[in-house]
Amino acid sequence: MTALEPRLHGAETAELERVWRDRPGIAGWLTTVDHKRIGKRYFVTAFTFLLIGGLEAMLLRAQLASPENDLLGPDRYNQLMTMHGTTMILLFNTPMFAAFGNYLVPLQIGARDMAFPRLNALSYWIFLFSGLFMYASFLTGAVPNGGWFSYAPLTASEFSQGHGLDFWAIGVTFLGISTTVGGVNFIVTILRMRTPGMSFNRMPLFVWSILTMAMMILFALPSVTLAGVLLELDRSFGMHFFDPGGGGDPLLYQHLFWIWGHPEVYIVFIPATGIISMVIAAMVRRPIVGYSLVVAALVATGFISFGLWLHHMFATGLPFLVASFFSAASLLVAIPSGMQIFAWLATMNEARPRFDTPMLFAIGFIVTFVIGGITGVMVAVVPWDQAITDSYFVVAHFHYVLIGGSVMPILAGVYFWYPKVTGRMMTRHLGKVAFWLIFVGMQVTFFPQHILGIVGMPRRIYTYHRGLGWDLMNRISSIGAGVLALGFLTVTADLVVSWRRAQPAPNDPWGAETLEWSISSPPPDYNFAGYPLVGSRQPMWDLEPGETLATETEVGGESLVHDQGGHHHAWVTSVLDAEAVEIVTMPTPAYWPLFLAFGLLMLSVATLSQNVVVALLGGLLTAYSFYRWHGGAS
Amino acid sequence: MTELALAEFDRPLGPMAGRGLGWWGVVMAILTEATLFALLLFSYFYLWSQSAQWPQGGVESPALLGVSLRTVLLLASSIPAQLAERSLKRGDRRSFVRYLSMALVMAGIFLIGHIQDNVRDWHRFRPSTNAYGSLFYTITNLHALHLVVGMTFLGFVLVRGLRGTVDSRHHRAVEVAVLYWHFVDVVWIAVFSSLYLSVRFA
């Protein structure tokens, strides 16, 4: 056994730096396969979509601030409402966890990159192009307007003319490729790229949450892809899947949509819990209580979430027995979610936490999510659901769950990992201001909507008559939305100001326990000079004061640092125990992912415009990029 | 901590015996594609359960004889594909090429039969005739698309076999292609029993 070497510095790693560095300038930007760059890119793109979706929400709330308002007409309202939901779920929330996962998973498992770096680049480009594709609908004037779940038969060509819904159906299908490819990449990365010694029961909880999310993506995503494809076949190719006149059934669409749609809620919740587990452990300086139970809860939540989809369809006239089964399953899922909440509370009870901004957002998450969870149990009960279905109560419920259960953890994560990603601490006070604006704004916006729903205000109406008793609550809700928007602008300002001005960050500003804190902030291009030695769940907490984490830079007499021959070398380990298995050569930067994504974009445009020439060119570009995929940098 | 970590390293790093990253990637891709087919068959049975008559609109049930023979041929093609992989691992590249060509010919016959069936069915009903037609053509042709992809993979490793860039030590691309081929075959069992057998014997 070779002796442990201290971490390498300066001239020692010059060759590694040269081999792993991207090409300079625009070429490097277009060809990069570095998971950190791709993760940052995912973040900036998803965050931009968050701001766009937020702007749409502000317009909706401005319209609803007073009765009989004519700021937006019904058509514009429906378009903005559809794009708000679609943007927030598909273009912000899901890709945002691809951002966190991409950046953090390889660092937390002690790897130099993802298992399939070029596929990773492909996922990003497809995400970007599908977002642009859907938003191009604004240029044509035919914007999707069928609500974010685009139910047939409203969205059949007969009732939704023009190309609006085609942008939606094709865009969702196109984006599905990105999510699926990303999911496969996460799974193989986590199964095979962990540093030797990081067995399954030593994986950070965030990695567990991404693994669970990715497994769910594999089984959930095909359903929405299918819904999108079949809808488009109905609309553009005269088929009859959802058309009762031709022997189809609109309820089939609802089934397909929600078989994905319900797990999707957990696809954006489970990784959020992973972030919270990391933040709380670091802020309390104690391991999360009940690691094994938390892992079991994660996996159980993922599993049960596939048996809930019919609770979105209680009002469609299901047989009593079926409704009862899905009602029971919906109540059941509260148990593993509750287990995690109690694990966090117990951890916080271990020692006095430090109340930095990430911790504030973590606590804000627990409070808000528990309220959303309670209304979730309410809507799982069939008679209650029958009473409030399609009302503002439901709108209030899912905004509590999504903003509380997903957006707040994301912000906790942003404030937690910002120093690692940028090498700068964030400003001291702006984050706390942002937290209080967002927390208060969120409650003021959405709490009154519970009451609005109970007194009968339906969702998805562009205006309402005076004197129904809805005026005051709507006014309060719209004011809250303004506060919420101010909060997000503060976060945005904080991100920009800190990047330019704030103090440089040390390796481990929070005294956190996982491997990403063992390397410099920001990390070097190659992440780890050698594979880190992991002997527990908290490698950083096992170190003596002043000690740095040991890495192994030699394998069987071959160096992992010198004489790399221009190759990206990485280590691959066995699935369960992460025993050392093999050193592999990883793919290097290339244009092919970008070209392949562009070919698929051309195919999407061709499907929309029914243009054979564009289809042919897109098909050729796709096939050629695929053929050249493994080749050099192009 | 360090002692605990060192205990993990009793096995040296070296050339590996297990499956490659690509193999794991394809297993995951297969899982998600199998889900896609399961959902399509769910849609098929769902609409069947909602229809008074199946196939709808007086369309005749698909004929069984030809497709049954093709099914036997397709399923049997997994055998030479597997034998090809085994031969290569033993270092017998000639048998590898021979078995793989055999599998490809069997697949090609299946595909030609499928196209003939489609052309013949087209005169009786179309995807736009009714929901049954939409489902029938979508599902069978999605499978045909997977068949073509699988044949492309097999053809790709066949070319590599002829060029001599795969051998008993470098056979991961072959493992992946053969694995995918088994998937294309197994999925056909589900499609065949749902779209052909069950509708005839229901």
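Read-outs throughout are calculated quantities, based only on the coordinates presented, and are distinct from any laboratory measurement. What you see is a predicted model, and the numbers here were worked out from it, not measured in a lab. Ideal geometry is used to build each Cβ from the backbone, glycine not excepted, and the neighbour counts take in all protein chains shown.
Here are some notes:
- The range A:38-151: translational diffusion in µm²/s, Stokes-Einstein, Kirkwood Rh over Cα pairs, 4 °C, 1.567 mPa s: 83
- Peptides B:177-183, A:177-183 ranked from most to least packed, by the mean per-residue count of other Cβ atoms within 10 Å: A:177-183, B:177-183.
- Two-decimal Rg to Rh for the protein assembly as shown - Kirkwood Rh, Cα set: 0.97
- For the range A:88-166, alpha-carbon Rg over 2.2 N^0.38 Å: 1.49
- Shielding value for A:553-562 is 1, the average number of Cβ atoms from other chains within 10 Å of each residue's Cβ.
- Peptide-level mean, for A:357-366, of C-beta atoms on other protein chains within 10 Å: 0
- In this structure the amide hydrogen of A:Arg424, modeled in the peptide plane, comes within under 5 Å of the amide hydrogens of A:Ala505, none closer than 5 places in sequence on its chain.
- Among A:Arg500, A:Arg21, B:Arg93, sorting on how many other beta-carbon atoms sit within 10 Å of each Cβ, with the fewest leading, yields A:Arg500, A:Arg21, B:Arg93.
- Given R0 = 45 Å, the distance between the Cβ atoms of A:Leu139 and B:Ser61 translates into a calculated FRET efficiency of 0.40.
- Sites B:Asp167 and B:Ile109 - FRET efficiency at Förster radius 45 Å, r taken between beta-carbons, to 0.05: 0.95
- Expected 222 nm ellipticity per residue - DSSP helices of 4 or more, -39500 (n - 2.57), all of chain B, to 500: -25000 deg cm²/dmol
- Rg and Dmax over the alpha-carbon atoms of the range B:56-141 stand at 17.5, 57 Å.
- Cross-link reach is defined here as a Cα-Cα straight distance under 25 Å, omitting same-chain residues fewer than 8 places apart; for A:Lys40 the lysines meeting it are A:Lys420, A:Lys432.
- Ranking of A:Tyr135, B:Tyr44 by count of other Cβ atoms within 10 Å, fewest first: A:Tyr135, B:Tyr44
- Per-selection Rg to Rh, the range A:10-501 - Cα, Kirkwood hydrodynamic radius: 0.96
- For the range A:489-634: rounded, prolate or oblate by the Cα gyration tensor [a/c cutoff 1.5]: oblate
- Per residue, the convex hull around the alpha carbon atoms of chain B comes to 153 Å³.
- Close amide H pairs (under 5 Å, H built 1.01 Å from N) link A:Ser391 with A:Arg459, residues at least 5 positions away or on another chain.
- Counting every C-alpha pair in the range B:116-201, the share spaced more than 21 angstrom apart comes to 46%.
- Built amide H within the under 5 Å cut-off of A:His569, gap 5+: A:Met586
- Here the residues A:Thr368, A:Thr347, A:Thr585, A:Thr422, ranked from fewest to most Cβ neighbours within 10 Å of their Cβ, fall in the order A:Thr585, A:Thr422, A:Thr347, A:Thr368.
- The range A:338-368-the range A:387-421 distance, computed between alpha-carbon centres (Å): 16
- Taking every residue in B:129-137 and counting other chain Cβ atoms within 10 Å of its Cβ, the average works out to 6.
- Local net charge near B:Trp24, Cβ-Cβ under 14 Å (Lys/Arg +1, Asp/Glu -1): +2
- Part-to-part distance (alpha-carbon centres) for the range A:585-626 and the range A:464-509, which is given in Å: 39
- Placing unit charges on each Cβ (+1 for Lys and Arg, -1 for Asp and Glu) gives the protein assembly as shown a dipole about its Cα centre, and among A:His562, A:Thr86, B:Ala103 the Cα reaching farthest toward its positive end belongs to B:Ala103.
- Charge tally around B:His143: other residues with Cβ under 11 Å, Lys/Arg +1 each, Asp/Glu -1 each, net -2.
- Summed side-chain charge close to A:Met348 - residues other than A:Met348 whose Cβ falls under 15 Å, Lys, Arg +1, Asp, Glu -1: +2
- Over chain A, DSSP H runs of length four or greater, each weighted -39,500 (n - 2.57), average out per residue to a 222 nm ellipticity of -20000 deg cm²/dmol.
- On the basis of the beta-carbon distance and an R0 of 25 Å, A:Val455 and A:Leu71 show a calculated FRET efficiency of 0.60.
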